[in-house]
Each structure stands twice: as C-alpha cells, then as structure tokens.
C-alpha cells in the first residue's frame, strides 16, 4: 500500500502544452510538498501546503499552480510547458511542517518537454 | 551558496571498505535528517539526529550530529553494493521552519 503515490511516473509532452501531476498520501500527514530535482540531483522546494493552505510558495513561474482539494491530495498543474521545465518532480508529505519529522516522498514524475 | 555542504560529491569504492560522508554548515540546525535515494525513486528517510553530539546506528551505518549542531557525518562499515545511492542531508534552520537540503553525495559500491 503506497504511502505517497504520484502519477504519472513518466510524462513526455511538447512545448506549449498544459499538463497535470497528481499526488495522494494515505499517511494522515498534515503537510504536503512539491519538489523539483534537476539534472544535478539538487532538490528545490516549490510549494508546501498545510491542511490545504499554501504556506510556502518559492520563486516559481506563475505557469505552475498547485491545488489541494483536501489534505491528502496535492496536484500540480503546469501551463505552457517550456524546455527548461524538464526535470523530476517529487511530491512529499510530513506530519508537521519543517520540524524534526522526516518527509515521505513519492517515486517521482520524470517530465520531459520536447 | 549552499547552506548545507555535502562532501565528497562523489565516492566510488570497493565492497567491504569503510567510508564517511559529511554534511557541514555554518548555521545551527535543530535537527538533521539523512536520506538515501536510489535511481528512479524518491529519497527515503534513514535517520533524524536531534541532540548535539548524538550518535545513531542503523546496522552498518553510523550517524553523528556535531556538538554545535552545525554538522553531521555518516559512516558506513564494510560497504555493500546495496548501499549504492545518493545520500542527502537536510534540516530545518532554527530561525524558520523551511527544510534546507544538501546537494548530496553519490556513492557507488563496486562488487
């Protein structure tokens, strides 16, 4: 029973398209995150939601819009995709935001924009 | 400038050898977490160290948090090919609650 599941695993799309990545966690955690991992494997926070409320919104283009219908789901919608958006996107959750509790990550969505 | 510096960036050794990787900062952390990421997967939490000077063991892996809570190390004894992966450290700063990530140490254990 997967704790944090995100779909799809792979996404290949053309420049200019709009796409969504879905994430669900069944851990009962309060906080969910979207991270971007670049080709050098550096993890960069994009967004964080705590109980459906946005609490971290890093410098991310407006083309990226998160949506949390409930505290178990955090989806990521991307408009007008660009080549530079190609990366692996990870969803994660934690019991409390940014404290001593670890994060549980999904297995990632590899986005390739062509 | 990285708030958490990990070293080395890359390490390739033979099975059975010992190794240590480091996670250093000039800032104080309330805790530090270590994760291992395998290809095609997300990072998996290995351990959280909370108290300055704390040592935690996970089988052949030994984690230490510096006395001043500015650094941490991971020592692996008798490394095995299954230890191969990207090792990431992360921690929340005392001044705020955002998790800061290191750039990782890519470890390869050759059979």
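Side notes on the structure shown:
- Mean partner shielding of peptide B:37-48, defined as the number of other chain Cβ atoms within 10 Å of each residue Cβ, is 5.
- Put in line by how crowded their Cβ is, counting other Cβ atoms within 10 Å and starting with the fewest, A:104, A:2 read A:2, A:104.
- All Cα-Cα separations within the range A:1-40 were binned at 10 Å from zero, giving a P(r) of 20, 47, 27, 6, each value a whole percent of the pairs.
- Globularity index of chain B, i.e. its alpha-carbon radius of gyration over 2.2 N^0.38 Å: 1.01
- Remark: mean inter-chain Cβ contacts per residue of A:83-96 equal 1, using a 10 Å Cβ-Cβ cutoff to other protein chain atoms.
- Burial ranking of peptide ranges B:40-47, A:10-17 (average Cβ count within 10 Å, highest at the top): B:40-47, A:10-17
- Across q = 0.07 Å⁻¹, the protein assembly as shown modelled as identical point scatterers on its alpha-carbon atoms has Debye log10 I(q)/I(0) values of -0.22, in the order of the q list.
- Debye log10 I(q)/I(0) for chain A, one point scatterer per Cα, at q = 0.10, 0.11, 0.14, 0.20 Å⁻¹: -0.26, -0.31, -0.51, -1.04
- Average other protein chain Cβ within 10 Å of Cβ, residues A:101-112: 4
- Rotationally averaged projected area of the range B:32-82 (alpha carbon convex hull; nm²): 3.8 nm²
- For the range A:62-109, the spread of Cα positions along the three principal axes, ordered from largest to smallest, is 36, 22, 17 Å.
Only the coordinates and a few stated rules stand behind these numbers; no lab work does. Just so you know, these numbers come straight off a predicted model, no measurement behind them. Note that each Cβ is placed from the backbone with ideal geometry, even for glycine, and that neighbours are counted across all protein chains shown.
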